[in-house]
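The values are calculated or read from the model by the stated rules, or taken from the named source; none is laboratory data. Quantities reported herein were computed from a predicted structural model and do not represent experimental measurements. Heads up, the Cβs are rebuilt from the backbone with ideal geometry, glycines too, and the neighbour counts pull from every protein chain shown. Please note that ligands, DNA and RNA were not included when accessible areas were found on the heavy atoms of the full protein model with its side chains. Shrake-Rupley method; radii C 1.70, N 1.55, O 1.52, S 1.80 Å.
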Amino acid sequence: MAAMTDAATTTLPDGLFADEAGCPRCTWCQATPLYRHYHDQEWGFPVADDRRLFEKLCLEGFQSGLSWLTILNKREGFRAAFAQFDAELVARFTEKDVERLVQDAAIVRHRGKIASTINNANRVLELRQEFGSLANYAWRYEPPAGERPERITREVARTFITSPGSVAMSKDLKKRGWSFVGPTTVYAFMQAMGLVNDHLEGCHARAKALKARADFSVPGR
């Protein structure tokens, strides 16, 4: 018990906290066990599945103006509402579906964002025709090694609002007719899907995410 207490009370770098067992994590996930699970198992880990990628990009759009925890708490509701984010099914939604979803308390009832999800599902199908998959398209924007800082501290992370890659992807998606895909939203998507690893130095999940990326086969390469 003494060893556990010592680990838990060890002074950590700014931006990290330790749980009861002394496991260091980024402070933004401190609020709930669900948040910590998302941080530990998903955020920053590479994704190649088109449904998961479409879900992440849509939910980052819904998050605009809200906390990510609000979206995470409603994620199962979003999945049920949007056919588990199967783009082919969502692309068939009609105005009746928009009216139904505006009344669905299990999601964020923002008409513009609901309509955007349907629009973007159609845009996913177009990307697949050109690139084979949404994954093939998205991973083209992985930043080159030299572009990223060697150490991700809280001070450095505070500057991560956009990136050259998120600006370029946002511009291209908008040109293709996507909506709710500004550079900040796209950068959050890049963080969530593992195009970048923004776990802070000292966070236990950083090394796990780095290993996952090393073992990952990049789509389209």
Between a first residue in segment 153-165 that is more than 9 Å from Pro183 (Cβ to Cβ) and assigned to a loop (DSSP other than H, G, I, E, B) and a second residue that is of a type outside the set (A, V, I, L, M) and open to solvent by 90 Å² or more (accessible area, probe 1.4 Å), which pairs have beta carbons less than 8 Å apart while being 6 or more apart in sequence or on different chains? Thr153/Asp14
Just wondering, is there one or more residues in segment 96-107 that are among the polar types (S, T, N, Q) and without any contact (Cβ under 8 Å) to a residue 60 or more places away in the chain? yes
Within segment 108-137, restricting attention to residues that are polar (S, T, N, Q) and open to solvent by 30 Å² or more (accessible area, probe 1.4 Å), which residue is nearest to Asp50 (Cα to Cα)? Asn136
What residue, of Ala135, Ala106, Ala91, Ala81, is in contact with a Pro (Cβ under 7 Å, 6 or more places away or on another chain) and either at pLDDT 95 or above or not polar (S, T, N, Q) (or both)? Ala135
For segment 25-41, what are the residues that are open to solvent by less than 30 Å² (accessible area, probe 1.4 Å) and closer than 11 Å to Leu72 by Cβ? Cys29, Tyr35, Tyr38, His39
Going by what's in this entry, would Ile152 be described as over 25 Å from Phe216 (Cα atoms) and β-branched (Val, Ile, Thr)? no
For segment 94-129, which positions are of a type in the set (Asp, Glu) and within 24 Å of the chain's Cα centre (by Cα)? Asp104, Glu126
Identify the residue in segment 138-184 that is of a type in the set (Phe, Trp, Tyr) and within 16 Å of the chain's Cα centre (by Cα) and, among all such residues, is surrounded by the fewest Cβ atoms within 10 Å (Cβ to Cβ). Phe160
Examine segment 61-70 for a residue that is crowded, with 19+ Cβ neighbours inside 10 Å, within 21 Å of Ser179 (Cα to Cα) and more than 14 Å from the chain's Cα centre (by Cα), and state whether such a residue exists. no
Within segment 185-203, which residues are assigned to a helix (DSSP H, G or I), in contact with a helix residue (DSSP H, G or I) (Cβ under 8 Å, 6 or more places away or on another chain) and either open to solvent by 10 Å² or more (accessible area, probe 1.4 Å) or of a type outside the set (Gly, Ala, Ser) (or both)? Thr185, Val186, Tyr187, Ala188, Phe189, Met190, Met193
Look through segment 75-107, keep the residues that are among the basic types (Lys, Arg) and open to solvent by 60 Å² or more (accessible area, probe 1.4 Å), and return whichever of them is farthest from Asn122 (Cα to Cα). Arg100
Could you please find all residues in segment 204-221 being open to solvent by 20 Å² or more (accessible area, probe 1.4 Å) and assigned to a helix (DSSP H, G or I)? His204, Arg206, Ala207, Lys208, Leu210, Lys211, Ala212, Arg213, Ala214
Every listed condition ((1) over 30 Å from Tyr137 (Cα atoms); (2) surrounded by fewer than 19 Cβ atoms within 10 Å (Cβ to Cβ); (3) at pLDDT 95 or above; (4) touching a strand residue (DSSP E or B) at 6+ places or on another chain (Cβ under 7 Å)) holds for Gly15 save (2)
